[in-house]
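Heads up, the thing below is written out as structure tokens.
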Amino acid sequence: MPSREVTLELPSVTLRAILRVPQDARGIVLFAHGSGSGRLSPRNNYVAEQFARHAVATLLADLLTAQEEEIDVLTARLRFDIALLTDRLLAVTTWVERHAQLHTLPIGYFGASTGAAAALAAAARVPQITAVVSRGGRPDLAAEALEQVRAPTLLIVGGHDPEVLDLNRSALARLRCEAELEVVPGATHLFAEPGALEQVAGLAARWFEQHFDAEAARRAAQRPGGSTESAPETAGSPTHPP
């Protein structure tokens, strides 16, 4: 799937991103990177390429500027600044909602490591987010926002990542939305084992595919001439403050 570099001119910062839009895209997934990763992450780009096979568009945006990344390499501080990462992800979401080609697509979040906390915290503030997936994430860092998430959420953790697995089990118990925990047997935190990341991509793609299609059906039922009686009820308005 061809990809292209884009520049996101946001109200308070300019960020770089990689955009993939397959033909007849059923939705778009915004990636929230963590732990010193960014738009060039080989793992996340692999996952994005697999999503394209399911007609899911992706936007891999750096949530930190180049200067901030240099600071983070030395301090490892900004990758744990969940409030900052959340605000940046919300600003990227607004950019997508206003984009001529993308604004009609349902939106999902894919968060990795500390980026998963930002994805969940952002989803708690944007009720129209259709689905969230966490890969080896730290949902515990989303704190009280966990109880406010309404988007169906899939937590994916490696079976040989015991500490993170315990944190995800605790987070699952706190989530009040549709939520599932999938454990990839034999996988460690980065899913570097043969076939592990492929399993992650497959699980996540199917999750987004399922919920994007359900959202498309809901929207179709609400169009003039369609019935809304059987459509699932959702909260939220089409836009939000950055």
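The values are calculated or read from the model by the stated rules, or taken from the named source; none is laboratory data. In this text the structure is predicted, and so the values were computed from the model without any measurement. Reconstructed Cβ throughout: ideal geometry from the backbone, glycine too, with neighbour counts over all protein chains shown.
Quick rundown of the values:
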read-out: Selection status of residue 38, surrounded by 23 or more Cβ atoms within 10 Å (Cβ to Cβ) and either charged (D, E, K, R) or modelled with pLDDT under 90 (or both); value: no
read-out: Number of positions in the stretch 104-129 that are in contact with a His (Cβ under 6 Å, 6 or more places away or on another chain) and surrounded by fewer than 24 Cβ atoms within 10 Å (Cβ to Cβ); value: 1
read-out: Residues being farther than 18 Å from residue 45 by Cβ, under 22 Å from the mean Cα position of the chain (by Cα) and either in a loop (DSSP other than H, G, I, E, B) or aromatic (Phe, Trp, Tyr) (or both) - total across the stretch 182-194; value: 3
read-out: Scan of the stretch 138-156 for residues that are free of Cβ contacts under 8 Å to residues at least 40 places away in the same chain and in contact with a strand residue (DSSP E or B) (Cβ under 6 Å, 6 or more places away or on another chain), ordered by number; value: 153, 155
read-out: Test result for residue 154, crowded, with 18+ Cβ neighbours inside 10 Å, in contact with an Asp or Glu (Cβ under 7 Å, 6 or more places away or on another chain) and assigned to a strand (DSSP E or B); value: yes
read-out: Residues located in the stretch 203-242, provided they are modelled with pLDDT of 60 or more and within 27 Å of residue 88 (Cβ to Cβ); value: 203, 204, 205, 207, 208, 209, 211, 212, 215
read-out: Boolean, residue 145 is part of a helix (DSSP H, G or I), within 18 Å of the chain's Cα centre (by Cα) and under 16 Å from residue 113 (Cα atoms); value: no
read-out: Some residue of the stretch 97-111 being touching a strand residue (DSSP E or B) at 6+ places or on another chain (Cβ under 7 Å), part of a loop (DSSP other than H, G, I, E, B) and among the hydrophobic types (A, V, I, L, M, F, W, C); value: yes
read-out: Residue 29 being buried (at least 20 other Cβ atoms within 10 Å of the Cβ), within 18 Å of the chain's Cα centre (by Cα) and in a helix (DSSP H, G or I); value: no
read-out: Checklist (1) of a type in the set (S, T, N, Q); (2) under 14 Å from the mean Cα position of the chain (by Cα); (3) at pLDDT 95 or above applied to residue 104, failing item; value: (2)
